[in-house]
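> There's a structure below that I have some questions on.
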Amino acid sequence: MARGFNGMGGMNMNNIMKQAQKMQKQMVEMQESLNEKTLEMTSGGGAVKIVISGKKEIQSIKIDPEVVDPDDVEMLEDLILSAVNEAIRQADEMYTTEMSKVTGGLGGLGGGMF
């Protein structure tokens, strides 16, 4: 049965396993590549700048001294929060886009596999 299984469009189990291994290798390579990429997000018209890696690690935060108002710390907190959340969203989007190139859109493969 294993030798002649043609229930999947003529592919045998050996070919399916080879394809899965190839896809897994491509996904690992893609993750390594993404881990080396960075994204830069800003908020408040550039008042706060965040650099995030593909691993979703914040690498730097730059704050324009002009927006540092001791009487309005809440505004600065909001700017930082906005920039960080956008950076994380963009990193997620980059990951999803790149991984879908490898998985061919197979419904989230790779999201929790590694």
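The values are calculated or read from the model by the stated rules, or taken from the named source; none is laboratory data. Just so it is clear, the structure is predicted and the values come from calculations on it, not from any experiment. Quick note on the areas: whole protein, heavy atoms, side chains included, nothing else; ligands and nucleic acids left out. Shrake-Rupley method; radii C 1.70, N 1.55, O 1.52, S 1.80 Å.
> Under 16 Å from the Cα of Lys37, which lysines turn up, not counting those fewer than eight places away in the same chain?
Candidates past the 8-residue exclusion: Lys55, Lys56.
> Could you state the accessible area per residue of segment 21-82 in Å², with a 1.4 Å probe and every protein chain left in place?
Accessible area per residue, segment 21-82: 69 Å².
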